[in-house]
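Every number in this text was worked out from the coordinates using simple rules, so none of it is lab data. Keep in mind the model is a prediction, meaning the values are calculated, not measured. Here the Cβ positions follow ideal geometry from the backbone for every residue, glycine too, while neighbour counts run over all protein chains shown.
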Amino acid sequence: MGIDPGLATYGWCLSDQGEGLLYVPQKAGFYCTKKRQGISPSADFMARSNQLTDWVWELLSEHEPDFVVAEAFSYPRHARSAVMLAAGYTVTLTACRMLQIPFLQINRTVVLDHYEIDRKARGARQRKKLIKDGIMAKVDELWPGLEGLPRAKAKREHPADAVVSIQCAVALENFLLRLETARVNNDVVLVE
């Protein structure tokens, strides 16, 4: 299972193993938590975290993936974004450890290089848009009828990131070794 964790929007993709290390995406989707009005930010954060915890636990328990892979945790410029992103990773890591599902992270540059997506645009916003558009275009090209992939561009981004995380991780030479290390240690392993 590939994931794109976050507290506000959480994308996922379930893949089945084909020949060798080829994984074929079968289903994709996303989950959104809504900001609650009229309560404090800390109460809202806890309510959304609880909601996400229940949903991730249900997702992983239902599908029982052999492993979970996500893009490596990045460090956003704003504290609020970092907290929201960390919540998604923490919920996922906790569920994986409790269910004894290996959790792997893949370096973002590996993903971009694998799909030959240009990262040289000027300015952070332009570069980010170019990367997002490039990833979504690759997913649409390779798996045009992927079940559960939303139509709205803003929501497509998260399952699309989950799809490419799993595809790129399994394509790496050291993937099986890293997967076994994660399985044995019941810990997060970086694949690069």
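Some values worked out for this structure:
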read-out: Residues H158, H78 arranged by fewest to most Cβ contacts within 10 Å; value: H78, H158
read-out: Cβ-based exposure ranking for C13, C32, C168, in which fewest neighbours within 10 Å come first; value: C32, C168, C13
read-out: For D187, residues with placed amide H under 5 Å, excluding near neighbours; value: F103
